[in-house]
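*Asks:* Provided herewith is a single structure, encoded as structure tokens, for subsequent inquiry.
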Amino acid sequence: MTWDRVAIVERQLDSYLETAGPIVGRLAADAPLRAGGGLTAARALAIFEDQLASRQLDVAARELKETNRSFYTISSAGHENNALIGARLRVDDPAFLHYRSGALMMARARQVAGSTPILDTLLGVVASSEDPISQGRHKVWGSRQLWVPPQTSTIASHLPKAMGLAFSLARAKRLGVASGLRADAIVACSFGDASANHATALSAVNTARYAVRLGQPMPLLLICEDNDTGISVPTPDGWIAATFGNQPHLAYFLADGELDDVWDAVGTAIDHVRETRQPAFLHLRTVRLWGHAGSDAEQTYRAVAEIEAVEARDPILRNAQRLVESGAADAGMLKDLVRETRERVRAVAEEAARRPRLQTTEEVVAPMAPHHPELVSKRAATPVATPDERAALFGVTLPESVTAPTGRTMAALLNAALADELLRRPELFLFGEDVARKGGVYNVTNGLQKRFGQGRVFDTLLDETSILGIAQGAAHIGLLPVPEIQYLAYIHNALDQIRGEAASLQFFSSGQFRNPMVVRVAGFAYQKGFGGHFHNDNSIGALRDIPGLVIATPARGDDAARMFRGAVAMAIEDGRVVIFLEPIALYHEKDLHEDGDGGWLTDYPPPPEALLPGEVGLYGATDADADVLLVSYANGLRLSLQAAKRLADEHGLRARVLDLRWLNPLPSAAIRSHAAEIGTVVVVDECRSTGAGVADAILADLAEQRIGRRLASVRAVDSFVPLGPATSAVLVGVDQVIAASVAAVGRRRHATGPRS
């Protein structure tokens, strides 16, 4: 028994075309394949050609792999009936596609004159830098011209952002933000039957239905390409229909049978979504030929008879039979078309394999984290709201009028900053759990919905995956989302929406697609025992691990306002994804050293004052005679300033305190400069000791640069944060900072002698 199943399936088609009898009568080009059907002979033949092109692309990818010239062999073989979806959707219907969408892409590209989908696909397969979407960074289905943002996931993690875009179409129109799409555009999203079980997929489906229940438009076509298996795990018979076929607020359509039957079912589903602006679940029956990928030894988990039974259901073979039997084409025509397609794809494959590939680090990372400080600074400064507009927003007393010694808290200044940005940027909108009517758990968004309306500030359901999906989808069409994640620990429920989707989009689309956003996250610990570990999460390691992600962490109210403006400007100008980490314990803090001193209250810096990455805060001894440099952020800044006073009062030591402000990218140049000047460095890192914060990176950089002879750190214990007073046993305290500083300076004095 041969296991070259590709050749077997190819011969199966050839054999049929060799032996097929003559047609009884040739259909006219505009005649339907069956009475009452919608698919004409000419359209059916064009779709069949697109299906053949997709099939031969899969063949070519495997042939190139045999000579080490291809790097991707997950095929669309058996899924070719998705070409009917590609033919029936419009090019201005955004499409987030499954990785077996080859035929869909071929049919979609047919709508655009001059497109070259075969070459484009093969350039991706061979990882050429001339691949028009990813430039060789990954094989993805994507095209700016065809409105297909590239997806890399295999677990349906693209469904939430497809849902988010569908949700945002009406909102963009309501806010006067031009999306570039027609008023009746819909969003399509395809995925496999195995992925339909993933929590991410279920989250998106649930939110789509939830929106309909609330009376909101949700023009989303969910396309489940059901081939009955997930790699080696069979999907139970009837599972997809039973799970999604009777859900309220979700229309279900089955696309199965002959080519023209599928055509009509697809059209009915698309028309439903377009006309009702409500979601539909299109259940497309497919088969999977040739295993999961080229490396998948399917015979190890499937019997030969089962493999042969699947091959007998090859849609290319079935569609060829339907074309001949209906009179849309004769076997000779199809034989010529098969031969010509094979020759054309093979020739293009040879050409693609000769094209250049990415070579340098600079080429690879170029689109991942664009940053243009001068342009961002200009963006932060414009537009400027007029005095009358601000007076109408805030009333007689502008937020900057409340000055020291009373000052205002971080929560109050953030609220004012949010209001100012909402006022001057009509595309910006704010959403999340409890942010609207309640004004946020910590009152940071209080009153914003009343001022700006439900179109700009609104509550969502309790689902972080959907919140971040809405943000991504909205950002695709020109809106500027500012979602709130209620607590830092909650973002881990949906981290792949940042890691695998939002932060990777510019990288895998070579900057052609962007999803700018500023994600507000309440985080860190020190809430005086409240809430336990889920509300006192002191680990940012999972965020710092994400390439290209910006992490802003203000400690003071004035910095929070300026940094938020900088974050918004980076999102708009460079398309960046920014995590804006707000220290919960400092939201309403007023004092620094003792009760009633008001040392943590600050004045409101009016727009357009802004801060950008690399701009640090400095406190304390600024001359070269400082004894120790304390490097910290967030709650650690307050602890460091408290320690600096006691070091001076109790030990006669002068400390310079550096507030990082930005945790990704770290302000390494500033750290190096001050560390080189002082020589003794203590990093005060409120996050857990092992990989959860920034101390590892800072100390490693200084050591590698041979800067600073006495390096130390104070970090939290590797423990979840307990409830109540026990928090002090695991979190960083002022006494620890003092002890570490005294010890580090003591080593200096032991080495150089006492300072006169």
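*Asks:* Please go through region 446-471 and pick out each residue that is farther than 20 Å from R424 by Cα and part of a strand (DSSP E or B). Working first, answer last.
*Replies:* Here is the first cut: in region 446-471, the residues farther than 20 Å from R424 by Cα are 459-470.
Hit for region 446-471 is D459, nothing else.
*Asks:* Report yes if some residue within region 338-352 is in a loop (DSSP other than H, G, I, E, B), crowded, with 16+ Cβ neighbours inside 10 Å, under 33 Å from the mean Cα position of the chain (by Cα) and of a type in the set (A, V, I, L, M); otherwise report no. First the steps, then the outcome.
*Replies:* Going through region 338-352, the residues in a loop (DSSP other than H, G, I, E, B) turn out to be none.
So far as region 338-352 goes, no, none of its residues is in a loop (DSSP other than H, G, I, E, B), crowded, with 16+ Cβ neighbours inside 10 Å, under 33 Å from the mean Cα position of the chain (by Cα) and of a type in the set (A, V, I, L, M).
*Asks:* Kindly indicate the residue of region 95-120 that is among the charged types (D, E, K, R) and not in a helix (DSSP H, G or I) and also surrounded by the fewest Cβ atoms within 10 Å (Cβ to Cβ) among those meeting that condition. Walk me through how you get there before you give the answer.
*Replies:* Narrowing region 95-120 to residues among the charged types (D, E, K, R): 100, 108, 110, 120.
Checking the rest, the ones that are also not in a helix (DSSP H, G or I) come to 100, 110.
Working: R100: 25, R110: 19.
Out of the qualifying residues, it is R110.
*Asks:* Please enumerate the residues belonging to region 57-75 that are crowded, with 23+ Cβ neighbours inside 10 Å and either at pLDDT 95 or above or not assigned by TED's automatic domain parsing to the domain that holds A328 (or both).
*Replies:* Result: L57, D58, A60, A61.
*Asks:* Continuing with the same structure: Note down all Cβ pairs under 7 Å where the first residue falls in region 235-248 and is closer than 16 Å to L282 by Cβ and assigned by TED's automatic domain parsing to the domain that holds I223, the second is among the hydrophobic types (A, V, I, L, M, F, W, C) and in a helix (DSSP H, G or I), and they're at least six residues apart or on different chains.
*Replies:* Every condition considered, the pairs that remain are I240/A196.
*Asks:* I need the full set of residues from region 431-445 which are surrounded by fewer than 22 Cβ atoms within 10 Å (Cβ to Cβ) and within 18 Å of A585 (Cα to Cα), in order please.
*Replies:* Scanning region 431-445 gives G439, V441, Y442, N443.
*Asks:* Now for a separate question. Assess whether L317 counts as being surrounded by fewer than 20 Cβ atoms within 10 Å (Cβ to Cβ) and either more than 36 Å from the chain's Cα centre (by Cα) or at pLDDT below 95 (or both).
*Replies:* Values: surrounded by fewer than 20 Cβ atoms within 10 Å (Cβ to Cβ): yes; either more than 36 Å from the chain's Cα centre (by Cα) or at pLDDT below 95 (or both): yes.
Yes; evaluated as a whole, the condition is true for this residue.
*Asks:* Ok, one more. Going by the structure shown, is A44 in a helix (DSSP H, G or I), over 34 Å from the mean Cα position of the chain (by Cα) and crowded, with 17+ Cβ neighbours inside 10 Å? So that I can check it myself, show each step before the final result.
*Replies:* On the way: in a helix (DSSP H, G or I): yes; over 34 Å from the mean Cα position of the chain (by Cα): yes; crowded, with 17+ Cβ neighbours inside 10 Å: yes.
So A44 passes the test.
*Asks:* Which residues, taken from region 238-262, are of a type in the set (A, V, I, L, M, F, W, C) and not in a loop (DSSP other than H, G, I, E, B)?
*Replies:* We begin by selecting, within region 238-262, every residue of a type in the set (A, V, I, L, M, F, W, C); these are 239-242, 244, 250-251, 253-255, 259, 262.
The answer is W239, I240, A241, A242, F244, A251, F253, L254, A255, L259, V262.
*Asks:* Moving on. Looking at V721, V717, V657 in this structure, which one is farther than 14 Å from G620 by Cβ, buried (at least 18 other Cβ atoms within 10 Å of the Cβ) and not assigned by TED's automatic domain parsing to the domain that holds I579? Explain how you work it out, then say what you get.
*Replies:* Numbers: V717 fails: buried (at least 18 other Cβ atoms within 10 Å of the Cβ); V657 fails: farther than 14 Å from G620 by Cβ.
When all the criteria are applied, what remains is V721.
*Asks:* Mind checking whether some residue in region 122-133 is closer than 28 Å to A474 by Cβ, surrounded by 22 or more Cβ atoms within 10 Å (Cβ to Cβ), in contact with a helix residue (DSSP H, G or I) (Cβ under 9 Å, 6 or more places away or on another chain) and among the acidic types (D, E)?
*Replies:* yes
*Asks:* Suppose the filter is in contact (Cβ under 8 Å) with a residue 24 or more places away in the chain and within 35 Å of the chain's Cα centre (by Cα); does P370 pass it?
*Replies:* Details: in contact (Cβ under 8 Å) with a residue 24 or more places away in the chain: yes; within 35 Å of the chain's Cα centre (by Cα): yes.
It is true that P370 is in contact (Cβ under 8 Å) with a residue 24 or more places away in the chain and within 35 Å of the chain's Cα centre (by Cα).
*Asks:* Could you check L414 against (1) touching a helix residue (DSSP H, G or I) at 6+ places or on another chain (Cβ under 6 Å); (2) modelled with pLDDT under 95; (3) within 26 Å of P583 (Cα to Cα) and say which number it fails?
*Replies:* (2)
*Asks:* Please determine whether any residue of region 262-273 is among the acidic types (D, E) and surrounded by fewer than 24 Cβ atoms within 10 Å (Cβ to Cβ).
*Replies:* The first filter runs over region 262-273 and keeps only residues among the acidic types (D, E), leaving 264, 271.
Of the ones still in play, those that are also surrounded by fewer than 24 Cβ atoms within 10 Å (Cβ to Cβ) are 264, 271.
Checked region 262-273: at least one residue is among the acidic types (D, E) and surrounded by fewer than 24 Cβ atoms within 10 Å (Cβ to Cβ).
*Asks:* So, one more: Count, please, the residues in region 380-406 that happen to be out of contact with any strand residue (DSSP E or B) (no Cβ under 9 Å at 6 or more places or on another chain), closer than 20 Å to L611 by Cβ and among the hydrophobic types (A, V, I, L, M, F, W, C).
*Replies:* Residues in region 380-406 being out of contact with any strand residue (DSSP E or B) (no Cβ under 9 Å at 6 or more places or on another chain), closer than 20 Å to L611 by Cβ and among the hydrophobic types (A, V, I, L, M, F, W, C): 4 in total.
*Asks:* Please go through region 545-580 and pick out each residue that is under 17 Å from the mean Cα position of the chain (by Cα) and over 18 Å from P516 (Cα atoms).
*Replies:* D545
*Asks:* Could you list, in sequence order, all residues of region 214-237 that are surrounded by fewer than 17 Cβ atoms within 10 Å (Cβ to Cβ), assigned to a loop (DSSP other than H, G, I, E, B) and of a type in the set (A, V, I, L, M)?
*Replies:* Within region 214-237, the first condition is being surrounded by fewer than 17 Cβ atoms within 10 Å (Cβ to Cβ), and the residues that meet it are 214-216, 231-234, 236-237.
Next cut, assigned to a loop (DSSP other than H, G, I, E, B) only: 214-216, 231-232, 236-237.
Passing the criteria: L214, I231.
*Asks:* Another question, then. Among the residues of region 604-613, is there at least one that is in contact with a strand residue (DSSP E or B) (Cβ under 6 Å, 6 or more places away or on another chain), in contact (Cβ under 8 Å) with a residue 40 or more places away in the chain and of a type in the set (S, T, Y)?
*Replies:* Within region 604-613, the subset in contact with a strand residue (DSSP E or B) (Cβ under 6 Å, 6 or more places away or on another chain) is 613.
Right, trim to in contact (Cβ under 8 Å) with a residue 40 or more places away in the chain and you get 613.
If we keep only those that are of a type in the set (S, T, Y) as well, we get none.
Scanning region 604-613 turns up no residue that is in contact with a strand residue (DSSP E or B) (Cβ under 6 Å, 6 or more places away or on another chain), in contact (Cβ under 8 Å) with a residue 40 or more places away in the chain and of a type in the set (S, T, Y).
*Asks:* Hey, can you tell me all the residues within region 16-33 that are among the charged types (D, E, K, R), at pLDDT 95 or above and in a loop (DSSP other than H, G, I, E, B)? Spell out the reasoning first.
*Replies:* Applying the first criterion (among the charged types (D, E, K, R)) to region 16-33 yields 18, 26, 30.
Filter once more, so that each one left must be at pLDDT 95 or above: 18, 30.
Hit for region 16-33 is D30, nothing else.
*Asks:* Same structure again: Filter region 496-529 down to residues that are polar (S, T, N, Q) and closer than 16 Å to M570 by Cα and give me whichever is surrounded by the most Cβ atoms within 10 Å (Cβ to Cβ). Steps first, answer last, please.
*Replies:* Within region 496-529, the first condition is being polar (S, T, N, Q), and the residues that meet it are 497, 504, 506, 509-510, 512, 515, 527.
When the remaining residues are screened for being closer than 16 Å to M570 by Cα, the result is 506, 515.
Numbers: Q506: 24, N515: 28.
So, considering only residues that are polar (S, T, N, Q) and closer than 16 Å to M570 by Cα, the one surrounded by the most Cβ atoms within 10 Å (Cβ to Cβ) is N515.
*Asks:* Additional query: So in region 614-623, with the set limited to residues that are without any contact (Cβ under 8 Å) to a residue 40 or more places away in the chain and assigned to a loop (DSSP other than H, G, I, E, B), which one is nearest to A744 (Cα to Cα)?
*Replies:* Pass one, region 614-623, residues without any contact (Cβ under 8 Å) to a residue 40 or more places away in the chain: 620-623.
Among the residues that remain, those that are also assigned to a loop (DSSP other than H, G, I, E, B) are: 621-623.
Details: A621: 17, T622: 19, D623: 19 Å.
So, considering only residues that are without any contact (Cβ under 8 Å) to a residue 40 or more places away in the chain and assigned to a loop (DSSP other than H, G, I, E, B), the one nearest to A744 (Cα to Cα) is A621.
*Asks:* May I pose another question? Examine region 142-151 for a residue that is part of a loop (DSSP other than H, G, I, E, B) and β-branched (V, I, T), and state whether such a residue exists. Spell out how you get there, then give the answer.
*Replies:* We begin by selecting, within region 142-151, every residue part of a loop (DSSP other than H, G, I, E, B); these are 142, 144-147, 149-151.
Those left that are additionally β-branched (V, I, T): none.
No; the residues of region 142-151 include none that is part of a loop (DSSP other than H, G, I, E, B) and β-branched (V, I, T).
Let's see how each residue does on (1) at positive phi; (2) over 40 Å from the mean Cα position of the chain (by Cα); (3) surrounded by 24 or more Cβ atoms within 10 Å (Cβ to Cβ); (4) modelled with pLDDT under 95:
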site: P613; (1), (2), (3), (4): no, no, yes, no
site: A621; (1), (2), (3), (4): no, yes, no, yes
site: A624; (1), (2), (3), (4): no, yes, no, yes
site: L637; (1), (2), (3), (4): no, no, yes, no
site: D649; (1), (2), (3), (4): no, yes, no, no
site: G652; (1), (2), (3), (4): yes, yes, no, no
site: N664; (1), (2), (3), (4): no, no, no, no
site: S668; (1), (2), (3), (4): no, no, no, no
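Residues checked against (1) in contact with a helix residue (DSSP H, G or I) (Cβ under 7 Å, 6 or more places away or on another chain); (2) farther than 30 Å from S129 by Cβ; (3) modelled with pLDDT under 95:
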| residue | (1), (2), (3) |
| --- | --- |
| S377 | no, yes, no |
| G395 | no, yes, yes |
| D420 | no, yes, no |
| L423 | yes, yes, no |
| L430 | yes, yes, no |
| D434 | no, yes, no |
| K438 | no, yes, no |
| N443 | yes, yes, no |
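*Asks:* Kindly check whether there is at least one residue in region 161-170 that is buried (at least 20 other Cβ atoms within 10 Å of the Cβ) and not in a helix (DSSP H, G or I). Spell out the reasoning first.
*Replies:* Going residue by residue through region 161-170, those that are buried (at least 20 other Cβ atoms within 10 Å of the Cβ) are 161-169.
Those left that are additionally not in a helix (DSSP H, G or I): none.
No: region 161-170 contains no residue that is buried (at least 20 other Cβ atoms within 10 Å of the Cβ) and not in a helix (DSSP H, G or I).
The values are calculated or read from the model by the stated rules, or taken from the named source; none is laboratory data. In this text, all values refer to a predicted model and were calculated from it rather than measured experimentally. Quick reminder, even Gly has a Cβ in these numbers, built from the backbone with ideal geometry, and neighbours come from all protein chains shown.
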